[in-house]
1. Give the residues of the stretch 50-86 that are of a type in the set (A, V, I, L, M, F, W, C) and within 21 Å of A35 (Cα to Cα), sorted by residue number.
2. Name the residue, out of D28, D52, D57, that is modelled with pLDDT of 90 or more and either at negative phi or touching a Lys or Arg at 6+ places or on another chain (Cβ under 7 Å) (or both).
3. Filter the stretch 37-65 down to the residues that are under 27 Å from Y135 (Cβ atoms) and open to solvent by less than 20 Å² (accessible area, probe 1.4 Å) and list them by number.
4. Which one is surrounded by the fewest Cβ atoms within 10 Å (Cβ to Cβ) among residues in the stretch 122-169 that are touching a residue at least 12 places away in the same chain (Cβ under 8 Å) and outside any helix (DSSP H, G or I)?
5. Would a scan of the stretch 67-90 turn up a residue that is more than 23 Å from H133 (Cα to Cα), out of contact with any helix residue (DSSP H, G or I) (no Cβ under 6 Å at 6 or more places or on another chain), surrounded by 10 or more Cβ atoms within 10 Å (Cβ to Cβ) and modelled with pLDDT under 90?
6. G143 passes all but one of (1) modelled with pLDDT of 80 or more; (2) on the phi < 0 side of the Ramachandran plot; which number fails?
Amino acid sequence: MTEATRNRELFETVWRENFSRLYHIAYDFLQDDEASRDVVSEVFTKAWQKWDEMQPDSIKGYLFIGVRNTCYNRLRVQDAHKRYAEYVRHFYDAADYNHLDETDEQIVALNRMVEQLPQKTRFVLRQCYYERHTYKEVGEMMGMSAEGVKKHIVKAFSILRERFNVKKR
């Protein structure tokens with residue numbers, strides 16, 4: 001039996017023994033059948049990608065912590081989406097609809113200013129705020145630290161504040 005075959009069989013055994021338990025943990029967090037299955041599958045996929053590097057006694061811990069952390073991240077993103085939706089609802093409920101054209105103009109102006117940012121800073125801003133990636137994820141994409149990503153964000157906001165003549169709070 002080859003090493004690859006042994007690894008595959010061990011992985012399948014770990015999957016069979018733990019999928020259901022991990023699914024239930026994810027479901028306790030997310031209360032969503034499909035999302036829970038996605039989380040567990042995502043964690044098993046990451047485990048398989050690192051399988052050769054993993055120590056047999058740390059596999060279960062990796063899986064359980066991975067499911068917990070992935071659920072926390074999903075809940076954090078869901079919470080941010082909910083807060084944004086509430087903000088938009090509140091804004092439009094309170095808005096004087098005569099000013100919507102002015103708001104549209106401001107959005108167009110902001111997008112033009114974003115286009116004028118330095119290339120790396122613009123990319124970081126878009127990935128973090130439009131695509132909702134974490135600083136760490138963007139740092140990995142760009143081969144830099146999360147702190148480097150944060151510096152680009154600070155730079156972008158500084159330039160945008162200056163161009164919009166907004167005083168820092």
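The values are calculated or read from the model by the stated rules, or taken from the named source; none is laboratory data. Quantities reported herein were computed from a predicted structural model and do not represent experimental measurements. Backbone-built Cβ (ideal geometry, glycine too); neighbour counts: all protein chains shown. The accessibility values were calculated without ligands, DNA or RNA, using every heavy atom of the protein model including side chains. Shrake-Rupley method; radii C 1.70, N 1.55, O 1.52, S 1.80 Å.
1. Our first condition is that a residue be of a type in the set (A, V, I, L, M, F, W, C); within the stretch 50-86, this holds for 51, 54, 59, 63-65, 67, 71, 75, 77, 80, 85.
Matches in the stretch 50-86: L63, F64, I65, V67, C71, L75, V77, A80, A85.
2. Working: D52 fails: modelled with pLDDT of 90 or more; D57 fails: modelled with pLDDT of 90 or more.
When all the criteria are applied, what remains is D28.
3. Hits for the stretch 37-65 are V39, V40, V43, F44, A47, L63.
4. Step by step, filter the stretch 122-169, then rank; the result is R132.
5. Quick first cut of the stretch 67-90, residues more than 23 Å from H133 (Cα to Cα) only: 89-90.
This time we only want the ones that are out of contact with any helix residue (DSSP H, G or I) (no Cβ under 6 Å at 6 or more places or on another chain), so: 89-90.
Those still in the list that are surrounded by 10 or more Cβ atoms within 10 Å (Cβ to Cβ) too: 89-90.
Next, only the ones that are modelled with pLDDT under 90 stay: 89-90.
Scanning the stretch 67-90 turns up at least one residue that is more than 23 Å from H133 (Cα to Cα), out of contact with any helix residue (DSSP H, G or I) (no Cβ under 6 Å at 6 or more places or on another chain), surrounded by 10 or more Cβ atoms within 10 Å (Cβ to Cβ) and modelled with pLDDT under 90.
6. All conditions pass for G143, except number (2).
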